[in-house]
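So the structure is just underneath, and the comments pick up after that.
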Amino acid sequence: MTYIEKIKDELVKRNGADKEFIQAADEVLDSLEKVIEKHPEYQDAGILERLIEPERQIMFRVPWVNDQGEVKVNRGFRVQYNSAIGPYKGGLRFHPSVNLSIIKFLGFEQIFKNSLTGLPMGGGKGGSDFDPKGKSEHEVMRFCQSFMTELYRHIGPNVDVPAGDIGVGAREVGYLYGQYKRLANEFTGTMTGKGLTWGGSLTRKEATGYGLCYFTDAMLKDHNSSFENKQVVISGSGNVAIYAAEKATQLGAKVIAMSDSRGFIHDPNGIDLKAVKDIKEIKRGRIKDYLNDHDHAEYTEGAKGIWSLPCDIALPCATQNELDASAAQALLKNGVIAVAEGANMPCTPEAIACFQKQGILYAPGKASNAGGVACSGLEMSQNSLRLSWTNEEVDQRLKDIMERIYHNVHDTAKQYGMAENYVAGANIAGFLKVAQAMMEQGVV
């Protein structure tokens, strides 16, 4: 049994029920065999053993009272995974599917994603199985205040800086930060994704979607292609999907489909983004409502079917494991040339294997969707400096970061004899920076 195999065996023994976490960790470990051969000192120092074990896992109850006066109880989580290169950084997710395995997988991915940005941020993640959908404003506020009443003890501008994620948008960040400020008696950059009038950064809402397209555009251009005149399918209709669609359109593509958890819309004329923004950002409605004013478009129940549509570029921006082997085969059959992940781990290992076997351009989320946390890092910098940069300044910094990530991933994959394997390139490039920091800081 090799060293990597021993690590994976121990991983399963300790985390057997955490399937999403094991999937994420296995992918990284599989990429690192050549790194360990080149750097045996990492094995001697137990870097991998320490890397796969979170520095701290926090789980707590979140009691709150609904509008009917009934007491409800949810679970809260924060996994502070690795702080070798900076304070823990990662979002909070409020969704019924949230459990410890999902938070661990997201926190583990965040280590490498944050490392790739080049900014001083460690990896962490948190959230709750609370569902904001269908709740009143006062119910969401009361839940957020109860959640932060426990979480505030474990975070701070130089310790752990949470942000938003699925189910945690500007409204939730506002309520969470308001309670943090009340309890901690300080106004600091402890959260990102804040409102523009109280420490937030311009372009933060757009950053993950824009960054996804900047990375994809750099990848396409490096292979003598571009977004120009391409048909694009995007799953999801949250911030990432909406602003990926916006930037792809600005770069000359036609976005023909988007989805939510219930189904997808197909508009051969190109998605009307203004309508989608109105439905999702203002009315908090369903994607099906798009048909109310676009009777030429089609709606199909079931989100998975979106990958059966012919397209040149696929951008999965919804949730983990949404694109499986059968969906990958459908995309390949219809001539897809590039797949770039806007969500965290949206493609299953079997789907990734299909893409790589056929030699199409495939970008893993820890590289291609790093724009959100990159902009969060820029928000942290602005908060520390007590400055606000313009849209143009933030957007240019974001574009530069995403292009640097692409070239770092590309060059690292080539250096280790795995040219064009951007999964390996992202894992290795992200790992090397963290591993060196861990080596220099001793056994902690």
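Taken together, the values in this text are just the output of simple stated rules run on the coordinates, not laboratory data. Since the structure is predicted, the reported quantities are computational estimates derived from the model, not experimental observations. Positions of Cβ are generated from backbone atoms using ideal geometry, with glycine treated the same way; all protein chains shown enter the neighbour counts.
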- prompt: Can you give the extra length, in nm with one decimal, that the chain gains between LYS133 and HIS294 once fully stretched, where that is 0.36 nm per residue apart less the Cα-Cα distance?
  reply: 55.4 nm
- prompt: Among 380-387, 128-135, 98-105, 426-433, how do they line up from the highest to the lowest mean number of other beta-carbon atoms within 10 Å?
  reply: 426-433, 98-105, 128-135, 380-387
message: Quick check on packing: order 293-304, 251-262 by the mean number of other C-beta atoms within 10 Å, highest mean leading.
response: 251-262, 293-304
statement: CD proxy, 222 nm, the chain: helix-only mean residue ellipticity via -39,500 (n - 2.57) per DSSP H run with n ≥ 4, per residue, nearest 500, stands at -14500 deg cm²/dmol
query: Using the alpha-carbon centroid of each, what span in Å lies between the stretch 15-84 and the stretch 150-218?
result: 21 Å
- request: Tally the DSSP beta bridges in the stretch 205-363 and give the antiparallel ones as a percent, rounded to 5.
  value: 35 percent
message: Just to confirm a number: summing +1 for Lys and Arg and -1 for Asp and Glu over residues other than SER128 whose beta-carbon lies under 14 angstrom from that of SER128, what do you get?
response: +3
- line: Once phi for every residue in the stretch 393-406 is put through the Karplus expression 6.51 cos²θ - 1.76 cosθ + 1.60 (θ = phi - 60°), the whole-Hz ³J(HN,Hα) values, with Gly and Pro written as x, are 5, 5, 5, 5, 5, 4, 4, 4, 4, 5, 5, 5, 4, 4
Inter-probe distance in nm under a simple model that places probes 7 Å from Cα toward Cβ, at ASP30 and ARG182: 4.8 nm
query: How high is the relative contact order of the chain, in percent, counting Cα pairs under 8 Å that sit 6 or more residues apart?
result: 15 percent
- line: Once phi for every residue in the stretch 272-284 is put through the Karplus expression 6.51 cos²θ - 1.76 cosθ + 1.60 (θ = phi - 60°), the whole-Hz ³J(HN,Hα) values, with Gly and Pro written as x, are 7, 5, 4, 5, 5, 4, 5, 5, 8, 8, 9, 8, 6
message: Over the stretch 3-187, what is the relative contact order in percent, taking alpha-carbon pairs closer than 8 angstrom and at least six residues apart?
response: 21 percent
- prompt: Simple spin-label model, 7 Å along Cα-to-Cβ: ASN158 to GLN43 in nm?
  reply: 3.9 nm
Cα→Cβ-extended label distance, 7 Å offset, between VAL71 and ARG284, nm: 2.6 nm
- request: Would you be so kind as to identify which of HIS39, ILE103, LEU151 lies farthest towards the positive end of the dipole of the stretch 3-187, taking Lys and Arg as +1 and Asp and Glu as -1 on Cβ and the Cα centre as origin?
  value: LEU151
query: For the chain, rounded, prolate or oblate, judged on the Cα gyration tensor with a ≥ b ≥ c (square roots of eigenvalues), a/c < 1.5 rounded, else prolate if a/b > b/c?
result: rounded
